[in-house]
1. Among residues other than ALA61 whose Cβ falls under 9 Å from its Cβ, what is the net charge (Lys/Arg +1, Asp/Glu -1)?
2. To the nearest 0.05, what FRET efficiency results for MET90 and SER134 with a Förster distance of 22 Å applied to their C-beta separation?
3. What is the sum of charges, Lys and Arg at +1 and Asp and Glu at -1, for the other residues whose Cβ falls under 13 Å from the Cβ of PHE99?
4. For segment 77-136, which whole-number percentage of the solvent-accessible area (1.4 Å probe, protein heavy atoms only) is attributable to carbon and sulfur atoms?
5. At 7 Å along Cα-to-Cβ for each site, give me the label-to-label distance between SER37 and GLU74 in nm.
6. If only Cα atoms are counted, what is the Rg of segment 25-136, and what is its Dmax, in Å?
7. Taking only protein heavy atoms into account and a 1.4 Å probe, give the accessible area per residue of segment 54-136 in Å².
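The values are calculated or read from the model by the stated rules, or taken from the named source; none is laboratory data. On a predicted model such as this, the values are computed, not experimentally measured, just so you know. Every residue, glycine as well, gets a Cβ built from its backbone with ideal geometry; the counts of neighbours run over all protein chains shown. Surface areas here come from the heavy atoms of the whole protein model, side chains and all, with no ligands, DNA or RNA. Shrake-Rupley method; radii C 1.70, N 1.55, O 1.52, S 1.80 Å.
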Amino acid sequence: MTAVAVLVTLAAACASGKDGSVSDRQPVTGIEWTVDSVTVDGTTHRAPAPAHMKIEDGRAAGSYGCNRFSATAEVTGDLIRLSHARSTRMACDEARMTFERALARALAAGPLTTRTEGRNLTLTTPGGDRVQLSRK
């Protein structure tokens, strides 16, 4: 199974718009995120401690908690699309492998909608599955 991963950046402060207005749109690149959980088909899987992601310069990279990954990442507005994914193929305990399969499935499901709240980020698939992350 091809693994896909994402680490999305979230700035804590608001950005100023061109017309002087304040925008609550936060950037999604350049910040390392801890993966907290993934919910697929209504089942939530807690992430292993080392799971993390980052998107920067058109690439996504990180760790599922056992295997490392990289992918091409396109960020457009509040959408993230991953492609051309690569992953190591180390064998880990069954709990980590179950988590990795669920995360890879969610991240490969199509464009992911981003929603930020404070130091937290939610990535949602077109089918409603979710990846919960927090700023490291």
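1. +2
2. According to the calculation, E is roughly 0.30.
3. Working: positive: ARG46, ARG96, ARG101, ARG105; negative: ASP36, ASP93, GLU94, GLU100.
My count for the surroundings of PHE99 gives 0.
4. Using a 1.4 Å probe with all protein chains present, segment 77-136 comes out at 49 percent carbon and sulfur.
5. Going from the SER37 label point to the GLU74 one covers 3.2 nm.
6. Cα-based Rg and Dmax for segment 25-136 come out at 12.7, 39 Å.
7. Numbers: 4420 Å² over 83 residues.
Dividing the accessible area of segment 54-136 by its residue count gives 53 Å².
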